[in-house]
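The values are calculated or read from the model by the stated rules, or taken from the named source; none is laboratory data. Since the model is a prediction, treat every value here as computed from it, not as a measurement. Glycine also receives a Cβ, built like all others from the backbone with ideal geometry; neighbour counts cover every protein chain displayed.
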C-alpha cells in the first residue's frame, strides 16, 4: 500500500496510525516526525521568499486574485509514485494544495485506482473523526482507538483539574496573523472553552476573523496567545515590533499582568492532526499557568511568555 500526503497534518496522522513505512511522498511543508523529512516532496510554494507577514499576505492575495494556485504540484513525480491513496485537504487553499487541483491531477495522470481521502475539519471533534476515517480506510483502526483513548484521557484530566481548582474564567484572544491581524477560528474557540477560557473575536467553526483597530480597542483580553500559522518561534520573534504597532497592547489586562504568550504556530494549533491534544495542553497552561504548571515543563521548547513591554521572559 503506497500513500502520498499533501499536508503536514495528514503526514502526522499516517505516522500516528503506524503507517509511516507506507509513505512514498509528502508535501514540502511536512517536517514531523523528523524521520519523514527525506521523502520525495510533491509540492512547492508560489509565494516566494518574503521578509515579513505583510509581504506574505499581499503575495497570497495577489495570487488568489489572479486565480493562480499558491502551491505547485509535481505531476511528473506524482505519476511516477502512483500511490494507492492520496490524502489532501478540502478546507483552505492558503494552507495546502487545493482539493480541485489534486482532483484534476488524479484524473489526468493517475486514474480511479488512486483513492483521494480529503480532510475537512472545522470543529475540534472533526479532527479525531478525520483520524478515524483515515484509519478505517487504511485498515489501522486499533491504532486510532489507542490515539482516541489517549486524547479522551488527557481532555478528562484538564476538565477534572479545572473542576478541582475552580480558577476564574479568563477571556482569551488568539492571534493567527500579524499584518493584517487575524484571530484564530475553526476549532480554536472550542479548545479555549475546554481549557477554561472564553474566546474573543472568533466563532466556533468559523474562518479566521480579520480584526480592525476598532475591534481590538473594544476588547480587554486576560490572555493573549500569538500563534501565527506556519511560523516557528524565531520567525514570530522577528515580527514582534510590527505586531505591537497593530495592536493596542497597553490597555489590555493581558499586557499589564504579563499573560502574553508566543507559541510555535507551525507545529501546534494550526495543524489539524494528532498534536492538537498537545496544543490543548499548551492552551490550558497559557490560560491558567498556576493550575497547569506541569505543562510548561513538557512544552517549554514550544512557547515563550513575554514580560512588560513584550520583552522575552524565562517563563
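Within segment 77-88, at least one residue is assigned to a helix (DSSP H, G or I), free of Cβ contacts under 8 Å to residues at least 12 places away in the same chain and outside the structural domain of residue 208 (by TED's automatic domain parsing). If we scan segment 203-218, do we find a residue that is farther than 28 Å from residue 133 by Cβ, touching a strand residue (DSSP E or B) at 6+ places or on another chain (Cβ under 6 Å) and surrounded by fewer than 19 Cβ atoms within 10 Å (Cβ to Cβ)? Checking segment 203-218: at least one residue is farther than 28 Å from residue 133 by Cβ, touching a strand residue (DSSP E or B) at 6+ places or on another chain (Cβ under 6 Å) and surrounded by fewer than 19 Cβ atoms within 10 Å (Cβ to Cβ).
Here's the yes/no breakdown for (1) buried (at least 22 other Cβ atoms within 10 Å of the Cβ); (2) in contact with a strand residue (DSSP E or B) (Cβ under 7 Å, 6 or more places away or on another chain); (3) more than 26 Å from residue 214 (Cβ to Cβ); (4) free of Cβ contacts under 8 Å to residues at least 60 places away in the same chain:
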{"site": "240", "(1), (2), (3), (4)": "no, no, no, no"}
{"site": "248", "(1), (2), (3), (4)": "no, no, no, yes"}
{"site": "255", "(1), (2), (3), (4)": "no, no, no, yes"}
{"site": "262", "(1), (2), (3), (4)": "yes, yes, no, yes"}
{"site": "268", "(1), (2), (3), (4)": "no, no, yes, yes"}
{"site": "271", "(1), (2), (3), (4)": "yes, no, yes, no"}
{"site": "276", "(1), (2), (3), (4)": "yes, no, yes, no"}
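Count of segment 1-15 residues, restricted to those that are surrounded by fewer than 23 Cβ atoms within 10 Å (Cβ to Cβ) and out of contact with any helix residue (DSSP H, G or I) (no Cβ under 6 Å at 6 or more places or on another chain), is 2. Of the residues in segment 136-149, at least one is in contact (Cβ under 8 Å) with a residue 60 or more places away in the chain, surrounded by 19 or more Cβ atoms within 10 Å (Cβ to Cβ) and under 19 Å from the mean Cα position of the chain (by Cα). Residues in segment 195-228 that are in contact with a helix residue (DSSP H, G or I) (Cβ under 7 Å, 6 or more places away or on another chain) and on the phi > 0 side of the Ramachandran plot: 196, 201. Is it true that some residue in segment 278-299 is assigned to a loop (DSSP other than H, G, I, E, B) and crowded, with 23+ Cβ neighbours inside 10 Å? Scanning segment 278-299 turns up at least one residue that is assigned to a loop (DSSP other than H, G, I, E, B) and crowded, with 23+ Cβ neighbours inside 10 Å.
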